[in-house]
Amino acid sequence: MIIRSEQLSDYAEVFKLNYLAFGNREDESKLIESIRLSDGFIPELSIVAEENEQIVGHALFSKAEIVDEENCHEVIVLAPLAVLPSNQKTGIGGKLIQEGLKRCVALGYKFVFLIGHPTYYPKFGFKQARNYGFELKQFDVSDDVFMFLELTEGNIKTTIKGEFRFQSHFFN
């Protein structure tokens, strides 16, 4: 299996993969299209897993922000993460997450947030965000699915807390 950056020629296959992975609905596929057209898109953080010349997984990390009383801090959000149904539970999603986190560190980001399955993402170090002073008001979700990962030790105690905000393309 090859883990690599998504290319323009992959767009149609990534659309189909997300459509299939999310129960034959287009919401996530259209979200990806919207993110690609936004200033929140970071091409090297749109990552595919390829096996036998077929894309079997995709992860998209894009810009988001934490807003406190005085400042706005740029962070990353992981959404969506998709693996073809026939390839799920084989470790592809985990490899995409690990590669994405490594790339986020290389680009200098300190935090990655997500809304996701409460037993899957903690395997990669994600923690419940509200327990650490982060809020989410744009969506009504339970504490156990709103998570974050600190990419460099020590930042959480000394830098940011506040409201996590998705960019506007998440609402189109």
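The values are calculated or read from the model by the stated rules, or taken from the named source; none is laboratory data. Every value quoted in this text rests on a predicted model; they were computed, and no experiment measured them. Heads up, the Cβs are rebuilt from the backbone with ideal geometry, glycines too, and the neighbour counts pull from every protein chain shown. For the accessible areas, the whole protein counts, side chains as well, though only heavy atoms, and no ligand, DNA or RNA atoms are used. Shrake-Rupley method; radii C 1.70, N 1.55, O 1.52, S 1.80 Å.
Tabulated values for the structure
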item	result
Check on F61, assigned to a loop (DSSP other than H, G, I, E, B), surrounded by 14 or more Cβ atoms within 10 Å (Cβ to Cβ) and not hydroxyl-bearing (S, T, Y)	no
Subset of segment 3-20 [more than 21 Å from L107 (Cβ to Cβ) and open to solvent by 30 Å² or more (accessible area, probe 1.4 Å)]	S9, Y11, A12, E13, F15, K16, Y19, L20
Selected residue (criterion: nearest to E33 (Cα to Cα)) from residues of segment 79-94 that are in a helix (DSSP H, G or I) and over 15 Å from the mean Cα position of the chain (by Cα)	P85
Hey, I97 assigned to a loop (DSSP other than H, G, I, E, B) and in contact (Cβ under 8 Å) with a residue 12 or more places away in the chain or not	no
Checking F139 against (1) over 20 Å from H58 (Cβ atoms); (2) in a loop (DSSP other than H, G, I, E, B); (3) in contact (Cβ under 8 Å) with a residue 40 or more places away in the chain; (4) not charged (D, E, K, R), the condition it does not meet	(3)
Residue within segment 114-136 that is closer than 14 Å to F166 by Cα, assigned to a loop (DSSP other than H, G, I, E, B) and open to solvent by less than 70 Å² (accessible area, probe 1.4 Å) present	no
Top-ranked residue in segment 41-58 [being among the β-branched types (V, I, T) and part of a strand (DSSP E or B); ranked as farthest from G23 (Cα to Cα)]	I47
Subset of segment 37-58 [open to solvent by 50 Å² or more (accessible area, probe 1.4 Å) and of a type in the set (A, V, I, L, M, F, W, C)]	L37
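Table: residues versus (1) out of contact with any Gly (no Cβ under 9 Å at 6 or more places or on another chain); (2) aliphatic (A, V, I, L, M); (3) modelled with pLDDT of 90 or more.
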| site | (1), (2), (3) |
| --- | --- |
| Y120 | no, no, yes |
| S142 | yes, no, yes |
| E150 | no, no, yes |
| K157 | yes, no, no |
